[in-house]
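*Asks:* Below is one structure. I have some questions about it.
The values are calculated or read from the model by the stated rules, or taken from the named source; none is laboratory data. Since we're looking at a predicted model, the values are computed, not measured. Counting neighbours? That spans all protein chains shown, and the Cβs are built from the backbone with ideal geometry, glycine included. The area values use the complete protein model at the heavy-atom level, side chains included, leaving out ligands, DNA and RNA. Shrake-Rupley method; radii C 1.70, N 1.55, O 1.52, S 1.80 Å.
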Amino acid sequence: MLTSIVGINWGDEGKGRMVDLLSESQDVVVRYQGGNNAGHTVINDKGKFVLNLLPSAILREDKVNVMGTGMVIDIQHLCGEIQRLREGGITITPENLKISDKAIVCCPYNVAQDCLEEDRLGDKKFGSTRRGIAPVYADKYMKKAIRMGDILHPEYLRSRLETIVEWKNLTITGMYKGEEYSVEGLLKWFETYGTPLKEYICDTGYYLNSALKAGKRVMLEAQLGALRDIDFGIYPFTTSSSTITAYGPVGAGIPNRKVDNAIGVMKAYSTCVGEGPFTAEMFGEEAENLRKAGGEYGAATGRPRRVGGFDVVASRYGCMVQAADEIALTKLDILDTIEKIPVCVAYDVNGVRTEEFPSGEALNIAKPIIEYLDGWCCSTEKCRKYEDLPENARKYIEYIEKAVDCNIKYISVGAERDAIIIK
Ligand code: GDP
């Protein structure tokens, strides 16, 4: 059985929290795209953990975690993340962590290139997390990247670096006047941070195929949401990889497998980190109150997130793109104190009302058409059954369900593992 957990919105929907919860009934959890540019926050009985690279089920000892073929891995960051988790009492061994030999290594020169380019752009910057993600994906498609499996073959690694570093320096020193990288320096970096990871590197495709054949339950965990997908998101303010369900099996290393159940994680309101069109955005005091109530500051960067009401247009599109079979609606409790809840029901593009999510310049100029729904003005935090929810909260959920045309199965009313309602 292959399940995927994907984001319906701009990311930060609470996917980490849902994977942490739902992984209880899974055997294997796989990250299939992206790198350490996003953060999942998970709170459980062992404490609060921010995961950038590792699949969220690493916090459950009896689960196998796979870092898939579609990922880009900063091995220095990964070593730090593993160490922090070990200090927090989490066990990590080759039994519960497997890294694809085909995943790409994000190197120090990728991080440097990302920073140099953002600095060059100045006011026009993309709002990159400066962790090298766009440059390393570009290198992957230029066929000038190092793969995790190369770490196992030092002579081959050296020869690859000799070709790549010479080429990369043309950009770093020639174009940006940055500091030159040396093959010897990079080999030392690989020695320090690659050696401890060697025992985890394997062919995760064969591993996952035999796990599925043996009847194991495998879950694919996305980073970021549909609206950040490189093809279907708010290009160019997207991430550099595919965040969608359809790519999941490819990024995991099992392109021969179909996803049986796609669970879309959707937030009860909207948030967006960084630049780019965000039609439902709210400003001023109303926005500040929601941001504070929701603790809307980026897990990886600490940046304040832009906030807005629930966006029907974007979310319905997100459900479609993700082929979501069911929805997990998160952070309903954050709306507990709002008397009139704003919902963006359609967009106005050049005076024309649209309910389809536009792209490019049409999206840039889209204006929100807002309607207000009655709030419930009491705490939902302790609710554990659908009937426990106040009537207006149920009305809100049913309104959204109809608007996005997808069944809402899970409702999250707190960050803790048990703060969940199954409808
Ligand atoms: P992810 O990247 O999609 O996993 O999302 P983030 O980790 O960036 O953001 C989710 C944040 O909201 C985390 O701090 C979670 O602990 C928290 N969270 C998730 N679900 C809920 C919820 O239902 N209520 C509240 N109050 N917090 C939640």
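*Asks:* Quick one: accessible area per residue over segment 266-422, 1.4 Å probe, rounded to a whole number of Å²?
*Replies:* That works out to 45 Å² for each residue.
*Asks:* For the chain, find the longest principal axis of its Cα atoms and tell me its angle to the long axis of helix 183-194, 0 to 90°, nearest 10.
*Replies:* That works out to roughly 60 degrees.
*Asks:* Something else now. So what does log10 I(q)/I(0) come out to for the chain at q = 0.08, 0.09, 0.12, 0.13 Å⁻¹, using the Debye formula with one equal point on every Cα and no solvent?
*Replies:* Debye output, listed in q order: -0.44, -0.55, -0.97, -1.12.
*Asks:* Any chance you could count the Lys pairs in segment 325-423 whose alpha carbons are under 23 Å apart, treating pairs 8 or more apart or on different chains as valid?
*Replies:* Taking the Cα cut-off of 23 Å, the pair count is 23.
*Asks:* Turning to a different aspect of this structure: Would you please classify the overall shape of segment 266-422 from the alpha carbon gyration tensor, given that a ≥ b ≥ c denote the square roots of the eigenvalues, rounded means a/c under 1.5, and beyond that prolate means a/b larger than b/c while oblate covers the rest?
*Replies:* Prolate, because a/c is 1.5 or more and a/b exceeds b/c.
*Asks:* If you don't mind, another one. Using only the heavy atoms of the protein chains and a 1.4 Å probe, how would F310, F232, F237, F283 rank by accessible area, largest first?
*Replies:* Largest accessible area first, the residues go F283, F232, F237, F310.
*Asks:* Right, something else. Enter the angle in degrees (range 0 to 90, nearest 10) between the Cα long axis of helix 391-404 and the first principal axis of the Cα atoms of the chain, meaning the one along which they spread out most.
*Replies:* Helix 391-404 sits at roughly 60 degrees to that axis.
*Asks:* A further question on this structure: Enter the accessible area of S359 (Å², nearest 10), with the probe set to 1.4 Å and all protein chains included.
*Replies:* The accessible area of S359 comes to roughly 90 Å².
*Asks:* Given the C-alpha centroids of segment 229-271 and segment 336-354, what is the distance between them in whole angstrom?
*Replies:* Value for the Cα centre distance between the two parts: 25 Å.
*Asks:* Nearest 500 deg cm²/dmol is fine: what mean residue ellipticity at 222 nm does the chain get from its DSSP H runs of n ≥ 4 alone, each adding -39,500 (n - 2.57), divided by its residue count?
*Replies:* -9000 deg cm²/dmol
*Asks:* Another one. After finding the eigenvalues of the alpha carbon gyration tensor for segment 104-197, what semi-axes result from the square roots of 5 times each, listed largest first in whole Å?
*Replies:* 24, 14, 12
*Asks:* For K144, which lysines qualify as cross-link partners when the Cα separation must be under 19 Å and same-chain residues fewer than eight apart are set aside?
*Replies:* K102, K168
*Asks:* Calculate what fraction, in whole %, of the accessible area of segment 266-422 sits on carbon and sulfur atoms when a 1.4 Å probe is rolled over the protein chains.
*Replies:* Its accessible area is 50 percent carbon and sulfur atoms.
*Asks:* How many percent of the accessible area of segment 104-197 is carbon or sulfur, using a 1.4 Å probe?
*Replies:* In segment 104-197, the share of accessible area belonging to carbon and sulfur is 55 percent.
*Asks:* So what's the net charge close to A262: Lys and Arg +1, Asp and Glu -1, counting the other residues with Cβ under 11 Å from its Cβ?
*Replies:* -2
*Asks:* Mind listing the Cα extents of segment 283-354 along all three principal axes, in Å, largest one first?
*Replies:* Projected onto its principal axes, the Cα set of segment 283-354 covers 32, 32, 27 Å.
*Asks:* Can you give the accessible area of Y32, probe radius 1.4 Å, in Å² rounded to 10?
*Replies:* Y32 exposes around 0 Å² with every protein chain in place.
*Asks:* For segment 166-282, rounded, prolate or oblate, judged on the Cα gyration tensor with a ≥ b ≥ c (square roots of eigenvalues), a/c < 1.5 rounded, else prolate if a/b > b/c?
*Replies:* In terms of gyration-tensor shape, oblate.
*Asks:* Over the residues of segment 1-158, compute the C-alpha Rg and express it relative to 2.2 N^0.38 Å.
*Replies:* Ratio of Cα Rg to 2.2 N^0.38 Å: 1.08.
*Asks:* Measuring with a 1.4 Å probe in the full set of protein chains, what accessible area per residue, in whole Å², belongs to segment 104-197?
*Replies:* 53
*Asks:* As a test question: what accessible area, to the nearest 10 Å², does C115 have when a 1.4 Å probe is rolled over all protein chains in place?
*Replies:* The accessible area of C115 comes to roughly 40 Å².
*Asks:* Then there's this: In degrees from 0 to 90, rounded to the nearest 10, what is the angle of the helix 204-213 Cα long axis to the longest principal axis of the chain?
*Replies:* That helix lies at roughly 50 degrees to the long axis.
*Asks:* Now for a separate question. Report, in whole Å, the centroid distance computed from the Cα atoms of segment 163-217 and segment 1-20.
*Replies:* 26
*Asks:* Now for a different question. Any chance you could count the Lys pairs in segment 177-279 whose alpha carbons are under 24 Å apart, treating pairs 8 or more apart or on different chains as valid?
*Replies:* Qualifying lysine pairs in segment 177-279: 4.
*Asks:* By accessible area of protein heavy atoms, probe 1.4 Å, what ranking do E118, E184 get, highest first?
*Replies:* I get E184, E118, largest accessible area first.
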